[in-house]
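Trainee: Can you read through this structure? Questions will come right after.
The values are calculated or read from the model by the stated rules, or taken from the named source; none is laboratory data. Predicted model, so just to flag it, every value in this text is computed and none were measured. Every residue, glycine as well, gets a Cβ built from its backbone with ideal geometry; the counts of neighbours run over all protein chains shown. With ligands, DNA and RNA removed, areas are computed over all heavy atoms of the protein, side chains included. Shrake-Rupley method; radii C 1.70, N 1.55, O 1.52, S 1.80 Å.
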Amino acid sequence: MCVADQREPRSDNLPEIVDAEVVEVAERDRSPEPAPRGDAPKASADPSSADAEYQEFLEFKRFKEWQASQGGSTGAPAPEPEKPWWKKALGLLRYKWVRRILYVLIALLLLNLAYDHYFGDRGGSSGSGTGGGAPADTLPMTAQNPQQAIRSVLNYLRAEPPEQACALFDADGRNGFATAYGAPDCETAARGLNAKITDPNAYANPKFAHDAIVESGPDAQVPGCRIQVRGGPELGTFKLTRTPQGGWTISAYALTSSACP
């Protein structure tokens, strides 16, 4: 027995019925995702802003290169070193009054050296320039006045070499000086007196009495008893003669004098 199919016949032209829930889910999956929230960086769309940032980068790069060339110092440039004292002293020469003072000092120094060389006021070994006693055939060294001649003798006797004192005597004076001390020559007598000097500075500064210098025409006499000598042996009496050039030389010497009691 046949049972008739009670289902309605299907027509191929009718749309297929789809479950509404399935369709909703599919549509939701195809929808675009919302933009993420938060602090995500946004790309700058302004080209001028990007160029400014690049310029800042170049400036920073150039600064770092300059810093490296300066030794890495980030502070102000190091101050210049202080000038040495001699450069500062030379800078004073631009003032006229400083130069004038300097000229005066140099002139005084040269005058002092010349006076010492010719008259032996300061002592030393440069008196006659012979390096020892004056030879018998040389001209004696002259002094400006008799008192200066005696001071020069004492000055040279206390110095090294003491033989320079003989340059102030002429030939007769040197012989008299050697005879007075029992020496073969003036140089030996000078060395003997030098060995007896205990205070060279005091010996070079004798004190003269007011009547110590007795002048008579071209001659002068200086008695040893009128000369106060300290720091060494006392000297005798000097006779001096004026030269044609106006200077004085020692022409005679003796240990005693009739002018003294």
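Trainee: What are the residues in region 176-224 that are touching a strand residue (DSSP E or B) at 6+ places or on another chain (Cβ under 7 Å) and of a type in the set (Phe, Trp, Tyr), if any?
Mentor: PHE177, PHE208
Trainee: Only one of these is modelled with pLDDT of 90 or more, open to solvent by 10 Å² or more (accessible area, probe 1.4 Å) and closer than 18 Å to ALA178 by Cα: PRO161, PRO140. Name it.
Mentor: That would be PRO161, the only listed residue that is modelled with pLDDT of 90 or more, open to solvent by 10 Å² or more (accessible area, probe 1.4 Å) and closer than 18 Å to ALA178 by Cα.
Trainee: Looking only at region 170-197, how many residues end up being under 14 Å from LYS239 (Cα atoms) and either among the charged types (D, E, K, R) or under 47 Å from the mean Cα position of the chain (by Cα) (or both)?
Mentor: 3
Trainee: Provide a single number: the residues in region 222-253 that are more than 14 Å from VAL153 (Cβ to Cβ) and out of contact with any Asp or Glu (no Cβ under 8 Å at 6 or more places or on another chain).
Mentor: Summing the residues that are more than 14 Å from VAL153 (Cβ to Cβ) and out of contact with any Asp or Glu (no Cβ under 8 Å at 6 or more places or on another chain) in region 222-253 gives 8.
Trainee: Consider LEU240 carefully, then state whether it is open to solvent by less than 20 Å² (accessible area, probe 1.4 Å) and farther than 18 Å from ASN145 by Cα.
Mentor: The answer is no for LEU240.
Trainee: Another one. Scan region 219-232 and give yes if some residue there is open to solvent by 60 Å² or more (accessible area, probe 1.4 Å) and without any contact (Cβ under 8 Å) to a residue 12 or more places away in the chain, otherwise no.
Mentor: The answer is no; no qualifying residue exists.
Trainee: Tally up the residues in region 218-252 that are in a loop (DSSP other than H, G, I, E, B) and among the small types (Gly, Ala, Ser), please.
Mentor: Residues that pass the stated criteria total 5.
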